[in-house]
Amino acid sequence: MIKQWIIENIPDFNTTIHTEEDMKIKILLPYLKSLGYVDEELRFENGIDVQIGTKKTKVYSDIEVIINGKVEMVIDAKRPRRALAEKDLLQAVSYAKLIDTPQAMYGVVCNGIDCVVTDTYTGRRSVEIPTKPQLLRAIDKAKKPIMKEVDLREVESVLFTLHNSKELYKVIQDSKDVIERRALIRSDQSFREMTKVLLVKMNEERRVRAGEGNNRFNIDYVSSKARLNEVEEIVVFKELFEDAKAKYPNIYTDENEQINITDNLCICHLIKNLEPFSFLGTGDDIKGTVYEIFLKATLRGEFDQYFTPREIVEFMVKCADPNIGDVVLDPACGSGGFLIQAFNYVNAQIASSNGSEIENNNKFKNLIDKCLWGHEADYDLHVLAKINLIMHGDGWNNIYQGDTLSSDKLPDNYFDVVLANPPFTIPYSFEDVLQNYELGLDKTAEELDILFVEKSINVLKEGCDLYIVLPEGLLNNKKYLYFRQWLLKKTDLLMSISLPEGAFIPFGGSVSKTCILGVRKKSSLSSYVRPQHVFLGKAVEIGYELGKKNYKPHNKNDFAEFEYMMSEIFQGLRYTSNKAECGWIDQTMVSSYRIDANYLMNKINSQLMKEQYGKVVPLGEVCTIENNSVNVKDDVDYYYLEVPDISPQTGTITNIRRVKGRDIGDSFHKFYTGDILFTRINPRISRVAIAPELKEYGIVSKEVYRIVYKDNTYINEKNKYVICALLQNENVIKQIVRLSTGSSSSRARVQVEDLLNDVYIPILSEMSQKQISDSIYKMSKEIWDQSQKLLETYQKNQELLGSKIDINEFRGI
């Protein structure tokens with residue numbers, strides 16, 4: 001296998017193989033030669049023209065294997081850290097079908113970590129590129145029917161779609177404009193009409209794939225039939241819609257659902273625009289584009305709904321690892337992303353299994369009939385979910401619409417895998433429903449996401465897994481301790497991944513700090529084995545630009561590297577190429593206090609610090625925090641220190657203003673000369689200072705903690721200012737940043753308990769402590785004294801020049 005070959009021959013794979021070109025030149029070519037192929041049998045960057053009507057595109061292969069003058073294998077190289085998607089496989093197979101006549105035997109996609117080889121005639125998949133002798137045997141055995149013209153056109157349409165995502169975006173945008181402006185359909189109803197058009201197109205493509213005739217989603221067909229029957233094209237199109245409804249009778253709750261577009265030219269325009277594109281198998285692009293254009297601005301509404309990006313969906317499905325026969329549920333399925341990916345994942349297992357054709361057909365039928373379940377509150381979204389599943393191959397008959405929390409469609413203890421991204425933080429206040437949930441008992445309201453977790457666990461079989469996107473606050477905020485206590489009674493933790501800020505901004509504008517949580521429902525059976533380790537990760541990059549209004553994919557993605565690192569248990573922390581942290585922690589170290597990845601990785605880090613420094617102790621062993629509040633009075637003058645007055649990193653203070661109480665807020669902390677001041681907000685900036693000499697106490701924002709030395713055996717009181725330097729140390733700052741909670745890094749705060757109990761500091765020799773303590777105090781004092789002299793000199797000079805200057809208004813020098 002190629003993965004084993006890489007381990008044996010390319011030991012520096014992770015550090016030297018970065019691009020598709022690296023993959024092709026440094027990995028695939030030498031590997032192919034090890035399989036018996038020679039240079040004369042390999043061709044690179046060969047292009048073919050694809051034309052659909054008047055639209056053209058040119059596509060290129062990475063590597064072609066030529067046997068006896070004919071292309072028999074097409075290989076598409078992908079970057080090592082790019083997860084393989086279903087459309088990657090479809091692209092390789094489509095190219096293989098078009099490159100020669102008869103078509104090439106195999107289409108291959110490989111990123112070095114994963115490899116998928118598809119037989120273009122049977123659709124069977126394997127994970128090993130065949131050796132030359134194996135390929136020769138496969139060529140001899142294969143029956144090679146020539147593709148019909150209608151099938152050839154569909155393959156060309158697939159390739160055209162995959163290589164023209166920008167064109168597709170323009171077409172869908174144009175479709176929305178035409179439906180709303182020409183057909184005069186309200187903007188809140190245009191999406192529903194678009195799904196009807198999609199249903200017709202998808203049904204026609206499936207008819208072709210099933211050998212039931214030509215694709216009638218074609219302006220030539222619709223126009224000629226309209227002329228023949230002396231009717232408008234819209235009449236013919238409505239007949240096609242009725243055919244599609246008859247084929248899929250439960251797509252719409254109302255069996256009398258009709259196309260509401262009445263403008264004939266509008267329908268003709270839509271057919272012409274959409275005709276060149278293929279929707280089967282390329283549904284991720286279609287779904288994403290339809291969402292972006294039709295739904296993004298209006299979907300969120302009162303239900304806090306957000307589209308889940310493909311990168312997150314693929315990662316979660318791979319972590320859940322559903323098997324053939326597993327029943328999968330998404331209780332908040334939206335447009336069906338999790339279910340589509342789960343379908344692709346299990347279907348790939350079926351295609352690559354060693355079963356007979358009859359056995360595999362039965363497995364596939366079971367998958368689409370019984371194994372994919374979804375529930376969605378929004379009517380139009382549940383329709384889109386059904387259509388998306390049909391686009392990808394079926395499995396739509398267990399998609400239900402309505403309130404998941406009160407639904408009787410989802411049986412308890414039934415599902416093998418639950419995948420979800422439920423609505424966040426919205427209060428749910430139907431008391432009759434709340435009484436059915438342990439976390440809703442005797443309450444007038446509870447948050448939707450919490451209730452969705454309980455619902456998901458209720459419907460899981462014992463010993464089965466839930467992977468869910470949640471607000472990270474549920475894992476680390478004291479307010480939700482009751483939820484974590486309940487959760488850990490019911491489940492064992494499998495995974496906790498912190499997602500970067502802005503992960504959902506391109507998909508509806510959510511600014512919530514989010515995470516992925518994986519748990520396993522506990523079992524009362526004696527055979528149940530509790531998972532011993534929990535995987536933790538803090539993702540930095542996830543495959544697209546973060547915090548931007550529009551979705552823009554790029555090549556940086558920690559998920560692919562997390563997948564690779566999850567293949568084995570390891571000690572300590574490891575880092576991706578984007579400097580994202582990950583590691584494994586023992587289940588016994590997990591408690592309900594906090595279960596977020598950052599907190600648990602900090603526990604791992606404390607062990608690493610012990611190895612580095614020899615002796616480390618929690619910060620709370622050497623100091624405490626005393627915050628004395630003061631309510632200011634309007635007419636009293638105060639020494640007022642603001643957070644920006646403390647310089648980042650060095651903690652320098654060069655002036656403290658003297659102001660009237662009326663000119664500032666009304667609630668502050670007191671501080672005194674010589675205090676160590678620690679700024680809790682945005683701790684990565686590290687504003688830690690020694691308070692300068694003042695005539696009386698000063699006041700400071702409540703974002704600043706007053707660190708007070710306490711008697712201990714580790715640091716002598718005369719060396720107490722070493723604590724200031726320790727809080728500025730990069731290893732300590734990393735811990736504080738991990739432990740901080742909040743919706744964004746700039747507003748993240750570390751809480752008192754976490755700072756004192758979970759931040760570990762190294763204990764240095766007394767000589768080193770004295771040297772650091774004396775030097776930091778001396779320099780802080782000298783800088784303060786010199787800056788005060790400078791300000792006084794500046795004031796006097798300006799007064800001599802006739803200007804009135806009050807240095808009490810200066811923040812610093």
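Points to keep in mind about this one:
- Here's the list of aspartates and glutamates a cross-link from LYS710 could span, going by alpha-carbon distance under 17 Å and ignoring same-chain residues fewer than 8 apart: GLU621, GLU626, ASP675, GLU753, GLU766.
- Note that region 656-813, at 10 °C in a medium of 1.306 mPa s, gets a Stokes-Einstein diffusion coefficient of 90 µm²/s from its Kirkwood radius over C-alpha pairs.
- Only Lys, Arg (+1) and Asp, Glu (-1) charged, at Cβ; the chain dipole about Cα centre in debye: 1220 debye
- Set the Cα radius of gyration of region 2-159 against 2.2 N^0.38 Å, with N its number of residues, and you get 1.03.
- Taking the Cα centre of region 2-159 as origin and assigning +1 to Lys and Arg Cβ atoms and -1 to Asp and Glu Cβ atoms, the resulting dipole is close to 360 debye.
- Alpha carbon centroid spacing (whole Å) that separates region 88-119 from region 610-666: 63 Å
- Pair ASN628, ARG137: separation of 7 Å Cα→Cβ label points (nm): 8.6 nm
- Linear extension gain, ASN68 paired with SER526, 0.36 nm per residue minus alpha-carbon span: 158.8 nm
- Additional length obtainable on full extension of the chain from ASP403 to LYS479, 0.36 nm per residue less Cα span: 24.7 nm
- All Cα pairs of region 164-280, percent lying beyond 25 Å: 18 percent
- As a calculated quantity, the FRET efficiency between THR588 and ASN250 at R0 = 45 Å, using C-beta atoms, amounts to about 0.40.
- Local electrostatic count at ASP151 - Lys and Arg +1, Asp and Glu -1, tallied over other residues with Cβ under 9 Å: +2
- Straight Cα distances below 12 angstrom link LYS26 to the aspartates and glutamates ASP12, with same-chain residues fewer than 8 positions distant left out.
- By the Cβ rule of 4.7 Å, the chain holds the following cysteines without a possible disulfide partner: CYS266, CYS268, CYS319, CYS333, CYS371, CYS464, CYS515, CYS582, CYS623, CYS724.
- Farthest toward positive dipole pole in region 620-799 [+1 Lys/Arg, -1 Asp/Glu at C-beta], among THR741, VAL704, ILE664: THR741
- Helix-only CD estimate at 222 nm, as mean residue ellipticity for the chain, using -39500 (n - 2.57) per DSSP H run (n ≥ 4): -11500 deg cm²/dmol
- The chain - share of DSSP beta bridges that are antiparallel (%, nearest 5): 75 percent
- In this simple spin-label model, placing a label point 7 Å from the Cα along the Cα-to-Cβ direction at both ASP666 and ARG181 gives a separation of 5.4 nm.
- Rounded if a/c under 1.5, otherwise prolate or oblate - region 460-507, Cα gyration tensor axes: oblate
- Unit charges on C-beta of K, R, D, E only; dipole of region 620-799, Debye: 280 debye
- Beta bridges by DSSP in region 308-611, antiparallel share as percent, to the nearest 5: 60 percent
- Pairwise label distance in nanometres, THR15 with MET1, each label 7 Å out on the Cα-Cβ vector: 2.6 nm
- Angle between the chain longest axis and helix 165-177 axis [Cα atoms, degrees, rounded to 10]: 90 degrees
- Pairs spanning more than 25 Å between alpha-carbon atoms, out of LYS24/LYS141; LYS778/LYS804; LYS318/LYS521: LYS24/LYS141; LYS778/LYS804.
- Think of region 308-611 as a dipole: +1 on every Lys or Arg Cβ, -1 on every Asp or Glu Cβ, centred on the Cα centre; then among ILE387, ILE604, ASN421, ILE604 lies furthest on the positive end.
- Helix axis angle, 86-98 relative to the chain longest principal axis, alpha carbon, degrees: 30 degrees
- Compared with the dominant Cα axis of the chain, that is its longest principal axis, helix 357-370 is turned about 50°.
- Positive-end ranking of ILE324, GLY334, ASN360 along the dipole of region 309-405, with charges on Cβ about the Cα centre, is headed by ASN360.
- Within the same chain, aspartates and glutamates fewer than 8 places from LYS490 are excluded, and of the rest, those with a Cα less than 14 Å from its Cα are GLU438, GLU454, GLU462, ASP465.
- When Cα Rg over 2.2 N^0.38 Å is computed from the coordinates, the matching label among (i) 2.08; (ii) 1.01; (iii) 1.13 is (iii).
- Flagged links, alpha-carbon separation over 23 Å, of LYS33/LYS78; LYS479/LYS670; LYS633/LYS789; LYS3/LYS97: LYS479/LYS670; LYS633/LYS789; LYS3/LYS97
- Alpha-carbon centroids, region 567-607 and region 343-409: separation in whole Å: 35 Å
- Between MET147 and GLU792, the contour length at 0.36 nm per residue exceeds the alpha carbon distance by 223.2 nm.
All of the numbers you see were taken from the coordinates with simple rules; none came from a lab. All figures in this text were calculated on a predicted structure; none of them were measured in a lab. With ideal geometry, Cβ positions are generated from the backbone for all residues, glycine too; neighbour counts draw on all protein chains shown.
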